[in-house]
Structure formats: C-alpha cells, structure tokens
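> Got a structure here, written out as structure tokens. Questions coming.
The values are calculated or read from the model by the stated rules, or taken from the named source; none is laboratory data. Fair warning: this is a prediction, and the values are worked out from it, not measured in the lab. Ligands, DNA and RNA are stripped out before the accessible areas are found, and what is left, the full protein with its side chains, is counted by its heavy atoms. Shrake-Rupley method; radii C 1.70, N 1.55, O 1.52, S 1.80 Å.
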Amino acid sequence: MDDLVTKDLREPYRMLTSRSEYRLLLRADNADRRLTPLGRDIGLISDDRWAAFQAKQARIEAEKARLASTRVLETSELAAAVAAASGQALQRAATLKELLRRPHVHHPLLVAHGYGAPADTGISPAEAECAEIDIKYAGFISRQEKQLQQLAGKAAKKIPAGTDYSSISTLSLEAREKLTKFRPADIGQAGRIGGVNPADISALLLHLEVQRRRAAAAAASDGQQQRQQGPESNVVPRAEPLPAAAASS
C-alpha cells in the first residue's frame, strides 16, 4: 500500500513476494499483530474485536512460555521422534522450545506425543503455529528488525551530488536508471523512488560507506606523509646578510 500511494509507478504494479525485503517480519500469520493496533489507534477496531485480539496474543505468549519451561528427557519417546525427524540425536534433556528450533520438528509432533497445550488453554492450531514460528525463527526475525531499524536511522544520510550510480554494480539496472534520473539528495528520497527496492538501498549504503572509508584512509595517509617530512619543509630560509661593501653603497 505504501508503494501505491507514495511512488510514481507508470506500469502495472505486481504484488510479488520478491518486492518484500523483510519477509520474516511481513508474514500472513502476524498480520493482525502488526495491523490491529494501528486500526485501533484510528478507531477502526471495535472493543469486542480488540478484546478478542488481546486474548489471542495472550494465548500465544502463554504457549511460548510453556514451551520454554517444559523439559523432555533424552530417553523419552518424543526425543526419539525428534531425532528421527531432524537427524540429530538428543544428547541431554531439553525444553520443548529447544526441540522446536530443530529442522523438520513442528508443533503437531509435540501434540502427537502428549506434549501439546492443555485443553483448557483454548489455543487453536493456528495460534500454536504462530508460537512455533516466533520460536523457530527468533534469531532471523531479530536480525531483520535490527536491519530495518538501521535503515530507518539512515534515511537522512546525504548522497554526494556527483555519485555515479552506473558504476555501482550491486544496484539493479532499474535502480541505476532511476537514481541517475532523479538524483536523490538523501537515502530517504532514494527509497521513495519507484523501482528502487530495499536491496538497492542496502547496496547504496554499503557503497557510500566504502567511499567514506577510502576518503578517510587517503586523508590519513596524506597527513602521515606530511608528518614524516618533518617541520623543516615548512621553514622559510633565512636571508643571508649583505656584504659590507654592498651595504655601504
């Protein structure tokens, strides 16, 4: 939606997953978690719907806490099933949270061996899957959140007026063409140009950082050479006194 209302798109807009650089953050299962609070702030979410949303999030958080606190012995049937599914034997007792982090191990496997959530919690399979995704991809999600925060913090970073975008091979061909045409003054403006995606912005930031370091290294090298030459190079030679005869004339 942001692309459609802020970018000058002169061709049919294609809703492709490749246009989303942060796929782990913009998932279908967490759409309500991301958008419902925004809807509530502008008055689109009723009290009943808001209460249902909060109850759902509480069930997911409670399930994540249960998975983190429940331990399983390495000799249990579940441990054997996890080893068969992941190809990695369980060497010691582990929490259900640690088991879910293993490849090919999913919440239904825990339920099949009697380690599902108690019936009185009322958690649905979809909510249990949300808890599993948060656990399984926690490291990747945290990394993407940091990348997004860093990118947002660099929106005001200036782009030198003489930047040669055609020489930046890591930019897409479309991004090189659009950036050369519009000549944005900073990263924020560059990101709002149609055809320039988040990957292009990351490549541009990297290019600017490399150029900055090269300039700093060159300045440091020049300063070191001047210091090595010593102060003698800056001393003005003292004029020799005139001979007596020339002085008297």
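> Apply the Debye scattering formula to region 47-200, with a single equal point scatterer on each alpha-carbon and no solvent, then give log10 I(q)/I(0) at q = 0.10 Å⁻¹.
-0.60
> Averaged per residue, what accessible surface does region 16-85 expose to a 1.4 Å probe, in Å²?
Here the per-residue accessible area is 62 Å².
> In this model, which of Lys56/Lys157; Lys146/Lys178; Lys64/Lys146; Lys136/Lys178 are farther than 29 Å apart at the alpha-carbon?
Violating the 29 Å limit, Cα to Cα: Lys56/Lys157; Lys136/Lys178.
> Another question, if that's okay. What order do His113, His104 take when sorted by accessible area (1.4 Å probe), most exposed first?
Reading off the accessible areas and sorting them downward yields His104, His113.
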